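As structure tokens, the structure follows; a few thoughts come after it.
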Amino acid sequence: MAYMEKNREKRFDPTTILPSAKSVISLGLNYWQPGEYSPETGKVSRYAWGRDYHLVIWEKLKLFEDELKILYPAVKQKVMLTRVRLWIKPGL
């Protein structure tokens, strides 16, 4: 897990990514796919059965961002997807 050392400062301080940051909204998406494993293809993780989950989540995040821009036009935002994993302290 050496990748966790890369961009370490960004993991602990969101203002290194967006200097005016006051909050972080973290979202998750269940990308489970229905169906049964096929003996011909072997076991493949269910997230890999559908479209690339990065694309699916990115599209949904962009829609969410668009709605936030309508509701809060003065607020600056930065949409990120699995590029930087932030260390979140609950309750902050």
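The values are calculated or read from the model by the stated rules, or taken from the named source; none is laboratory data. This structure is a prediction, so every number in the text was calculated from the model and none was measured. Note: ideal-geometry Cβ built from the backbone for every residue, glycine included; neighbour counts use all protein chains shown.
General observations
- Candidates 74, 2, filtered to the one that is at pLDDT 80 or above and loosely packed, with under 10 Cβ neighbours inside 10 Å: 74
- Scan of the stretch 8-23 for residues that are part of a helix (DSSP H, G or I) and over 20 Å from residue 72 (Cα atoms), ordered by number: 8, 9, 10, 11, 12, 16
- The set of residues in the stretch 44-63 that are more than 15 Å from residue 79 (Cβ to Cβ) and either in a helix (DSSP H, G or I) or of a type in the set (Lys, Arg) (or both) comprises 46, 47, 48, 51, 53.
- Comparison of 61, 29 shows that the only residue that is surrounded by 12 or more Cβ atoms within 10 Å (Cβ to Cβ) and either more than 21 Å from residue 10 (Cβ to Cβ) or within 11 Å of the chain's Cα centre (by Cα) (or both) is 61.
- Within the stretch 28-54, residues that are among the charged types (D, E, K, R) reach partners that are not in a helix (DSSP H, G or I) with beta carbons closer than 6 Å, at six or more positions or on different chains, in the pairs 43/37; 46/32; 46/33.
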